[in-house]
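Each remark here refers to the structure printed beneath this line.
The values are calculated or read from the model by the stated rules, or taken from the named source; none is laboratory data. Predicted model, so just to flag it, every value in this text is computed and none were measured. Because the Cβ atoms are built from the backbone with ideal geometry, glycine has one as well, and the counts that use them run over all protein chains shown. These area figures cover heavy atoms from the full protein model, side chains too; ligands, DNA and RNA do not enter into them. Shrake-Rupley method; radii C 1.70, N 1.55, O 1.52, S 1.80 Å.
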Amino acid sequence: MIPFAYSKPTAVDEAVKMAGPDARFIAGGTNLLDLMKENVARPERLIDINALPLRDVETTATGGLRVGALVPNSDLAWHPEVEARYPLLSQAILAGASPQLRNMATTGGNLLQRTRCYYFYDSAVPCNKREPGSGCPAKEGVNRIHAILGASDQCVATHPSDMCVALAALEAEVIVTGPGGERRIPFADFHRLPGDQPERDNVLEADELILAVELPAERFTTHYAYLKLRDRASYAFALVSVAAALEMDGDRISTARIALGGVAHKPWRVAEAEALLVGQLADQANFAKAADALLRGAQPLEHNAFKVELAHGAIIRALGEAAGGITQ
Amino acid sequence: MNAITPPPGGNSHAVHLISLSINGKKHELEVRPWTTLLDLLRENLQMTGTKKGCDHGQCGACTVLVDGRRINSCLTLAVMHDGAELTTIEGLASEDALHPMQAAFVKHDAFQCGYCTPGQICSAVGLANEGRAHSSAEIREMMSGNLCRCGAYNNIHDAVQEALPVCRGEGTA
Ligand SMILES: Cc1cc2nc3c(=O)[nH]c(=O)nc-3n(C[C@H](O)[C@H](O)[C@H](O)COP(=O)(O)OP(=O)(O)OC[C@H]3O[C@@H](n4cnc5c(N)ncnc54)[C@H](O)[C@@H]3O)c2cc1C
Ligand code: FES
Ligand code: FES
């Protein structure tokens, strides 16, 4: 960690004015401090946003839920409104990190957590995400945890969040503010694919602050499942995860949402895969067709081909659990 | 890994004055912005009960309670906790009696080398404060943020299971 200056503004305007390329906001600190200890992040100034009034969870005029950027992950997962109205979100959050980390980690910080690619974390080796133009050792290196979908020549990293996979399936919006004022970003457009700018994980500008995440009015309170597959039973990042949310009309599916985690640079959704299920029976054969469509074009690397099969099975199982509407 | 290059001078890296209650005792402390809560405890205050295992949020050895909530003290800055009430392993016992969670760890022999134990106990007290974990599987899941390299997990589980209801004020199991 290199020395830095520290300040703690109490108003959003003030915090935004302090922002700049040499500065970082700090919320829970669980990702930023980790990266600073590894010299991957080297801000000269930290702007502690914990005194900003961004801790509320409130119902919106349209019956949705607005979650302040500083609401801790554990409080959100256990918020009565979230448990009752967005159980998929609750389940996904609780599948991530550890209880201690979830007590510190915030809603905004979770969205902006960076990849767990080993090469990104090791400041002694090249990495296009950390040092644009320096190269990507993961492509030919040890790439068991890396992307099978949507990667580019320059970067094969994945986005590690569990919460974001549920937010993608629930079609949340991210509300941000900056010098140019407030804007709302649909969740699908918030994170990006690496392309030729792998240093950019998302579309947030350096001087923009996340104010809140807004969930639309609740759906999928009966038929949902978050399935996370990892190297140990708990306290590990996903190799593959699936957020599945269905609406059923008798034994037929009327709406389907499926988002995958651990397979791409952002939560992975495929409209065609979801459309395939509409009006269909909730059976294995149809789930398998959706899984095929979700994974079409997968380009596994040397060590992560297992993810294609793992994801295929996981999608079928998650859809089955969701369709069953089991008490979860 | 944690060696900090001294600041190049100038007051942009000023020392910050914070007030922190630690185990019920008020402290007025001067801290550098980059001092983690863990390093403040261990290095500045010589309170070495809280352990440093990984320094990256991956083991739970550094677990402390801030305003009753369990957190990893290695991934937070001391300066961020001005005004907070901190409880560490040193603050759990009363003058003449162990905390029920400590007593249960002794009774169940819930350790071997003991390095993870302060974190395990603080984490379990935090779990009790959360009012969750009513089954064995839930206890295992909700204690998964604390690794034990000696693998004393079965006894740790038994200790936590026995003491949780007592800590929650629900009487004995
Ligand atoms: C050992 C370990 C295991 C983990 N396992 C998992 C897991 O299994 N699943 C999972 O999903 N996550 C996991 N995590 C990651 C964890 O969820 C994230 O570290 C956490 O969500 C980040 O939130 P934070 O508030 O601590 O962010 P910070 O570290 O404070 O910030 C992260 C980034 O976001 C920026 N930022 C924060 N808030 C705002 C805001 N409001 N506006 C603009 N910028 C902002 C900061 O500048 C920084 O760049 C794990 C972490 C650790 C250390
Ligand atoms: S020392 Fe903090 S989690 Fe390991
Ligand atoms: S008792 Fe040795 S690490 Fe847990």
Max mean-square fluctuation residue, GNM over chain A, Cα-Cα springs under 10 Å, options A:Asp201, A:Asp13, A:Asp162: A:Asp13
Enter the accessible area of B:Cys167 (Å², nearest 10), with the probe set to 1.4 Å and all protein chains included. 40
Would you work out which of A:Ala15, A:Asn128, A:Gly320 lies farthest towards the positive end of the dipole of the protein assembly as shown? Charges go on Cβ: Lys and Arg +1, Asp and Glu -1. A:Asn128
Nearest-10 value in Å² for the accessible area of A:Val12, using the 1.4 Å probe: 30
For chain B, restrict the atom set to alpha-carbon positions and state the Rg and Dmax in Å. 16.9, 59
Average accessible area per residue (Å²) across chain A - probe 1.4 Å, nucleic acids and ligands excluded: 38
Dipole moment magnitude, nearest 20 debye, region A:224-322 about Cα centre, only Lys, Arg, Asp, Glu C-beta charged: 340
Hey, what angle do you get for helix A:284-295 against the long axis of chain A, alpha-carbon based, 0 to 90 degrees rounded to 10? 30
Ellipsoid equivalent to region B:100-170 - semi-axes via the Cα gyration tensor, in Å: 17, 12, 10
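Evaluate the charge dipole of chain A about its Cα centre and quote only its size in Debye, nearest 20, assuming +1 on the Cβ of each Lys and Arg and -1 on the Cβ of each Asp and Glu.
560
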How many lysine pairs in chain A, separated by 8 or more positions in sequence or lying on different chains, have Cα atoms less than 20 Å apart? 10
In degrees, nearest ten, helix B:117-130 long axis to first principal axis of chain B (Cα): 80
Can you tell me the convex hull volume per residue for the protein assembly as shown, based on C-alpha atoms, in Å³ to the nearest whole number? 155
Interface buried area B-A, accessible surface with 1.4 Å probe, both sides summed, nearest 100 Å², comes to 3000
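Which order do you get for A:Ser74, A:Ser152 if you rank them by accessible area with a 1.4 Å probe, largest at the top?
On the way: A:Ser74 5, A:Ser152 25 Å².
Most to least solvent-accessible, the answer reads A:Ser152, A:Ser74.
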Please report the accessible area of A:Arg66 (heavy atoms, 1.4 Å probe, ligands and nucleic acids excluded) in Å², nearest 10. 70
Please name whichever of A:Leu88, B:Ile18, B:Ser123 sits farthest to the positive end of the charge dipole of the protein assembly as shown, dipole taken about the Cα centre and charges placed at Cβ: Lys and Arg +1, Asp and Glu -1. B:Ser123
Treating only Lys and Arg (+1) and Asp and Glu (-1) as charged, each at its beta carbon, one finds that region A:43-192 has a dipole about its Cα centre, in Debye to the nearest 20, of 260
Which residues of region B:88-134 show a drop of at least 10 Å² in accessible area when all protein chains are present, compared with their chain alone (probe radius 1.4 Å, heavy atoms only, ligands and nucleic acids excluded)? B:Glu130, B:Arg132
Please work out the ratio of the alpha-carbon Rg of region A:102-189 to 2.2 N^0.38 Å and round it to two decimals. 1.27
Ranking B:Ile156, B:His81, B:Gly60 by how far each Cα lies towards the positive end of the charge dipole of chain B (+1 on Lys and Arg Cβ, -1 on Asp and Glu Cβ), the top one is B:Gly60
Accessible surface, region B:100-170, averaged per residue in Å² (probe 1.4 Å): 44
What are the residues whose amide H is under 5 Å from the amide H of A:Gln113, where those residues sit 5 or more places off or on another chain and H is modelled from the backbone? none
How high is the relative contact order of chain B, in percent, counting Cα pairs under 8 Å that sit 6 or more residues apart? 21
Using Cα-Cα distances under 8 Å and only pairs 6 or more residues apart, what relative contact order does region B:15-91 have, in percent? 39
Could you tell me whether region A:208-291 comes out rounded, prolate or oblate from its Cα gyration tensor? Rule is a ≥ b ≥ c as square roots of the eigenvalues, rounded for a/c under 1.5, then prolate if a/b exceeds b/c, otherwise oblate. oblate
Which distance in nm do the two modelled labels at B:Cys113 and B:Cys150 give, with both placed 7 Å along the Cα-to-Cβ direction? 1.0
Percent of accessible area on chain A owned by carbon and sulfur, 1.4 Å probe? 51
Using a Förster distance of 60 angstrom, determine the FRET efficiency expected from the C-beta separation of A:Ala51 and A:Asp251, and round it to 0.05. 0.70
How many angstrom lie between the Cα centre of region A:258-328 and the Cα centre of region A:158-215? 23
MRE, 222 nm, helices only [DSSP H, n ≥ 4, -39500 (n - 2.57), over chain A, to nearest 500]: -7500 deg cm²/dmol
Expressed as a whole percentage, what fraction of the accessible surface of region B:1-152 belongs to carbon and sulfur atoms when a 1.4 Å probe is rolled over the protein heavy atoms? 50
Using a 7 Å offset from the Cα along the Cα-to-Cβ direction at both A:Arg183 and A:His303, what is the distance between the two label points in nm, to one decimal? 3.8
Relative contact order as a percentage, chain A, C-alpha pairs under 8 Å and 6+ apart, gives 17
